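The values are calculated or read from the model by the stated rules, or taken from the named source; none is laboratory data. Computed from a prediction, not measured in an experiment: that's the story for all the values here. Cβ placement follows ideal geometry from the backbone for every residue including glycine, while neighbour counts extend to all protein chains displayed.
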Amino acid sequence: MAATRDPVVIIGAGQAGAWVAATLRAEAPDARIVMIGAEPHAPYERPPLSKAILAGTAEAASAALRPPEFWEGAGIRFVPGRRAVAIDRRAGRVLLDDGTSEPYGALVLATGAEARALPAPTDAGAPVHLLRTLDDALALRPRLVPGARIVAIGAGFVGLEVAATAREAGCSVGLLEAAPSALGRVLDPAVAEAIVDLHRRNGVEVAFGVQVSAIGAAPGGGARVDLADGRSLGADAVVVGIGARPCDDLARAAGIACDDGIVTDTAGRTSDPAIFAAGDVARQMHPLVGRALRLESWQNAQNQGIALGKVLAGQPAPPAEVPWFWTDQFGANFQMCGAPAAWDRVVWRGGPEEGRWSVLYLLGGRAVAANTFNAARDMRALRRLVEVGAAVDPDRFADPATNLLALMREIAPA
């Protein structure tokens with residue numbers, strides 16, 4: 001089947017953009033596809049950056065989304081190391097930073113997000129690192145040697161994963177967070193505390209309510225991290241993980257509707273019918289959650305890329321899935337599903353002292369989110385309960401004798 005518009009130009013060669021290209025090629029063999037990436041690398045997956053690649057237990061090539069020869073073999077014209085600087089919507093062209101331009105019938109913006117820089121004054125010579133790209137990971141990796149002093153700023157998932165990787169590499173690690181707790185926007189405080197406790201038991205020094213006022217370059221190398229309370233910390237390297245901002249500047253300049261990301265409908269269409277968006281930059285209406293979400297996750301980028309590839313080929317988009325995320329830290333696996341705006345009850349099955357537990361978030365007695373810790377087998381049932389907003393008896397869920405798959409089949413049959 002031919003693509004609905006031709007050629008299709010994809011700005012961004014990350015998880016979302018690459019899956020748009022690969023899916024569209026599979027569904028529309030004759031479509032003309034151009035994929036333009038700002039980085040010099042072929043599409044790769046980001047989860048290994050803060051884990052195996054940062055730890056040095058895997059090489060950069062292992063993160064490739066497809067073998068390097070795939071793109072040319074699939075007839076996808078891949079242009080690396082180029083940035084889009086403007087969109088001429090009237091002419092249907094996108095201008096690149098080398099002065100060239102590409103005509104489009106359909107334009108996909110999969111520009112992702114970029115790591116936020118620390119707002120505090122920072123000396124140019126201080127060893128301060130962000131972790132968003134493959135090059136970021138490769139630049140930080142040599143710093144993680146036994147005995148090195150690492151200060152991680154931000155107790156979100158990036159900061160926590162970097163702290164775990166650095167500690168396992170034999171570094172001394174201090175984790176600083178300005179908020180009163182970790183992961184406050186996405187997890188119940190007791191769940192977040194259980195993850196923080198895992199770090200403390202593994203030797204990470206965690207401090208909350210800490211404001212960084214400046215980062216200076218130490219005389220003998222390294223950095224000096226100045227805190228608002230007057231203290232200073234020495235570090236061989238500082239890693240800033242305080243979130244990411246969507247790369248929606250290109251869309252904004254072109255007059256496309258944005259709101260902390262590019263606003264799209266459930267199929268990825270923007271306010272311009274010839275322009276689409278997917279991945280970390282897209283604020284897409286999510287039918288299962290009932291509101292627009294901008295999600296920064298591997299699963300979301302892949303799913304939106306596949307769905308948009310099908311839409312561009314004239315196919316219906318696959319059904320939406322419950323948002324899902326996972327992380328590995330200190331050999332423990334943590335998973336979460338759902339993206340609730342609120343909950344009024346949190347029910348535990350097991351507990352932190354057991355080293356294996358699941359948590360269900362309820363709103364009005366119905367499942368809206370779930371977490372598992374070293375209990376990945378529970379996630380299948382939990383995702384289904386959240387997907388349908390099942391009414392769950394808290395006592396039955398908490399009872400370790402309850403078979404969760406049987407409970408799922410009973411109250412949330414497919």
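Summary table below
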quantity: Qualifying positions in the range 76-120 - of a type in the set (Phe, Trp, Tyr) and closer than 30 Å to GLY241 by Cβ; calculated: PHE78
quantity: ASP6 being of a type outside the set (A, V, I, L, M), part of a loop (DSSP other than H, G, I, E, B) and modelled with pLDDT under 95; calculated: yes
quantity: Positions within the range 72-116 being among the basic types (Lys, Arg) and outside any loop (DSSP other than H, G, I, E, B), in sequence order; calculated: ARG77, ARG93
quantity: In the range 140-177, residue surrounded by the fewest Cβ atoms within 10 Å (Cβ to Cβ) [restricted to those that are small (Gly, Ala, Ser) and within 23 Å of GLU296 (Cβ to Cβ)]; calculated: GLY156
quantity: Residue among LEU198, LEU233, LEU187 that alone is of a type in the set (A, V, I, L, M) and crowded, with 21+ Cβ neighbours inside 10 Å; calculated: LEU187
quantity: Candidate set: the range 242-281, residues that are touching a residue at least 60 places away in the same chain (Cβ under 8 Å) and in a strand (DSSP E or B); chosen: the one surrounded by the fewest Cβ atoms within 10 Å (Cβ to Cβ); calculated: ARG245
quantity: Complete set of residues in the range 297-336 that are buried (at least 19 other Cβ atoms within 10 Å of the Cβ) and assigned to a loop (DSSP other than H, G, I, E, B); calculated: SER297, ALA313, VAL322, PRO323
quantity: Within the range 339-414, strands (runs of 3 or more DSSP E) holding 3 or more residues that are touching an Asp or Glu at 6+ places or on another chain (Cβ under 7 Å) and under 30 Å from ALA292 (Cα atoms); calculated: 356-363
